[in-house]
Amino acid sequence: MSERILIEGNEAVALALKLIDPDVVAAYPITPATEVVQKFSEYVADGEVGTEFVAVESEHSAMSACIGASTAGGRVMTATSSQGLGLMWEMLYIAASLRAPITMAVANRALSGNINIHCDHSDSMGARDAGWIQLFSENTQEIFDNMIQAIRIAEHPDVRLPAMVCYDGFVISHAREVIDSLSKDEVQEFVGQYEPQLSLLDMEAKTVGPLDLQDFYFEHKRSQAEGYVAIPRVIEEVGQEFGQKFGRSYGLVEEYKMEGADVALVALGSTNGTIKDVVDSMQESGKKVGLLKIRSFRPFPADLIKQSLSKVKAVGVFDRSMTFGGWGNPLFNEIRSVMYGGNGQAIPILDRIYGLGGREISMAEIEEYADEVLAVAKGEQAEVIDYIGVR
Amino acid sequence: MSKIKSDACWQDLPDGGIIPEGATSAEFKTGDWRSEKPIWHEDRCIQCLQCWINCPDSSILVAEQKMTGIDYDHCKGCGICASVCPPKANAITMESE
Ligand code: SF4
Ligand code: SF4
């Protein structure tokens, strides 16, 4: 039965883990995801879950243990952040290549140096090409719901790939919000029994992770790429089923007041919540600004985004990470690539880097950017790539 | 699952790059990497089996506790066997491929 509870972001992840009751959790604590592991280890110690909890000595070991447990046929989950995700790097690729459907919560945090524990998306963006599904969450309710859906998406027979559920460090991980929780029975019924396609324990001889040279590596990568084709459909099916059962539906993107909008703002994560308030107040004063929130960054829902943004005259992208020495930043590059390919109409698209290392972004700053995008839609010039909120 | 042919296309491969058989490393002929080749001189061999203990590729062939030759399909030509072979015996020498 659904219950309204006041809960911190990290605790909501731990609660989702408890209700899912996975076979194995191997994790190493790191700010700002520490409480996920801390709280979950309490559940283990109190016998509230049947999970084998592996307290490892680093994130590299955490992901290695997760891969081992997943190839042994277990339902496996973990959590990390920032440097921890960085230390997992080589293992992330191996998890995806082995089609190990591990689910991981990532509390987004800046990367060193200098040392910073606060939010930006550099960690997840560094892992964007590793082959993991990446779902971004706007608020605590979404983290909770995304964790539960991610299990179904990752383990789906047409997918079988690992998934990250990303949420903004501190902004969401340490903020208390009221959410609608679910009962263990509801979650268990939704996630179902895991039926692994690969199990090292099934007694059939097999070789996992062998040397793979010029003669087969390329074919294996091509075959891996096929795994991503089914994911958008599966994300939507699972999101709709979740909605039917629990009243909150999810898709690959969320259009917010895009009806009749002249310009669209595009963002990932918690900033979407702030942008929604700005859109509300700007629309009240007759400014036609809408929002396209990206929930699935990997896979990138190109067709949907093209469909949605083709209706507007200019786009303002928010990037919470930087591609040093590149032209434009991760979200902008994807959006622009989608919009300018094929028959896409060439509309002006701006990129603003904001919020690095946890720097706040205010409603006034968002509104100022939206005004700039509106002006560009009317033919005015503006810097294509620039910053918000840096001195 | 049937054996994967060497000209198999990506659609024919098991997911995850998995080989549906065990102990497949024997089929991978690492011997073609070799630039130097160990030559065993049976007449000088004292059967101490130092070469067998130390070969990192299990390429010293032994039958009934006696060295019988070298598995050139897998020997990578590192020369460890030649260097551990007692100098007085000097029963393995290296030559260029
Ligand atoms: S050369 Fe190296 S690999 Fe070859 S038999 Fe001697 S020790 Fe083994
Ligand atoms: S180390 Fe030399 S002497 Fe000893 S068994 Fe091998 S070849 Fe013979």
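The values are calculated or read from the model by the stated rules, or taken from the named source; none is laboratory data. Just so it is clear, the model here is predicted, and its values are computed rather than measured. Because the Cβ atoms are built from the backbone with ideal geometry, glycine has one as well, and the counts that use them run over all protein chains shown. For the accessible areas, the whole protein counts, side chains as well, though only heavy atoms, and no ligand, DNA or RNA atoms are used. Shrake-Rupley method; radii C 1.70, N 1.55, O 1.52, S 1.80 Å.
So here's what we get for this one:
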item: Unit charges on C-beta of K, R, D, E only; dipole of segment A:36-131, Debye; result: 260
item: Listed residues A:GLY131, A:GLY326, A:GLY243, most fluctuating in chain A (Gaussian network, C-alpha, under 10 Å); result: A:GLY326
item: Options A:ALA96, A:ASN146, A:ASN108, ranked by Cα towards positive dipole end of segment A:1-150, top entry (Cβ charges); result: A:ALA96
item: Top of A:SER97, A:SER223, A:SER122 by mean-square fluctuation, Gaussian network on chain A, Cα under 10 Å; result: A:SER223
item: Cleavage-rule hits, trypsin sites (Lys or Arg not before Pro), chain B, DSSP coil, Cβ neighbours within 10 Å at most 13; result: B:LYS3, B:LYS5, B:LYS29, B:LYS88
item: GluC sites (Glu not before Pro) within segment B:29-71: DSSP coil, no more than 11 neighbouring Cβ in 10 Å; result: B:GLU64
item: For chain B, cysteines whose Cβ has no other cysteine Cβ within reach (under 4.7 Å); result: B:CYS9, B:CYS45, B:CYS48, B:CYS55, B:CYS75, B:CYS78, B:CYS85
item: Unit charges at the beta carbon, dipole of chain B: most positive-side option, B:GLY22, B:ALA8, B:ILE92; result: B:ILE92
item: Prolate/oblate/rounded call for segment A:255-387, Cα gyration tensor, a/c under 1.5 rounded; result: rounded
item: Local electrostatic count at A:PRO101 - Lys and Arg +1, Asp and Glu -1, tallied over other residues with Cβ under 9 Å; result: +2
item: Rh (Kirkwood; distinct C-alpha pairs) - chain A, Å; result: 21.4
item: Shielding by partners - mean other protein chain Cβ count within 10 Å, residues of A:221-231; result: 2
item: Contact order normalised by residue count of chain A, Cα under 8 Å, 6+ apart, percent; result: 16
item: Given charges at Cβ of Lys, Arg, Asp, Glu: the protein assembly as shown dipole, positive-most of A:VAL187, A:GLY260, A:TYR217; result: A:TYR217
item: Overall Cα dimensions of segment A:59-112, principal axis frame, Å, largest first; result: 35, 17, 16
item: Residues of type aspartates and glutamates that A:LYS257 reaches as a straight line, Cα spacing below 15 Å, ignoring anything fewer than 8 places off in the same chain; result: A:ASP277, A:ASP280, A:GLU284
item: Solvent-accessible area of A:ILE235 with every protein chain in place, 1.4 Å probe, in Å² to the nearest 10; result: 0
item: Estimated 222 nm signal from helices in the protein assembly as shown, with DSSP H stretches of n ≥ 4 weighted -39500 (n - 2.57), rounded to 500; result: -10000 deg cm²/dmol
item: Mean Cα-pair separation over length for segment A:196-323, i.e. relative contact order, pairs under 8 Å, 6 or more apart, %; result: 26
item: Shielding by other protein chains, A:280-288, mean Cβ within 10 Å; result: 0
item: Between segment A:142-217 and segment B:5-69, the alpha-carbon center distance in angstrom; result: 39
item: Surface/4 of the Cα convex hull for segment B:30-96, nm²; result: 4.0
item: Given charges at beta-carbon only (K, R positive; D, E negative), |dipole| of chain A in Debye; result: 740
item: Whole-number percent relative contact order across segment B:30-96, with pairs defined as alpha carbons under 8 Å at least 6 apart; result: 48
item: Cα gyration tensor, segment A:123-166 - rounded (a/c under 1.5), prolate or oblate; result: oblate
item: Student exercise, chain B dipole from Lys, Arg, Asp, Glu Cβ charges, in Debye to nearest 20; result: 360
item: Unsatisfied cross-links (Cα-Cα over 23 Å) in the set B:LYS3/B:LYS37; B:LYS5/B:LYS29; A:LYS18/A:LYS221; result: B:LYS3/B:LYS37; A:LYS18/A:LYS221
item: Amide proton proximity set for A:SER181, modelled H, under 5 Å, gap of 5+; result: A:GLU3, A:ARG4, A:ILE5
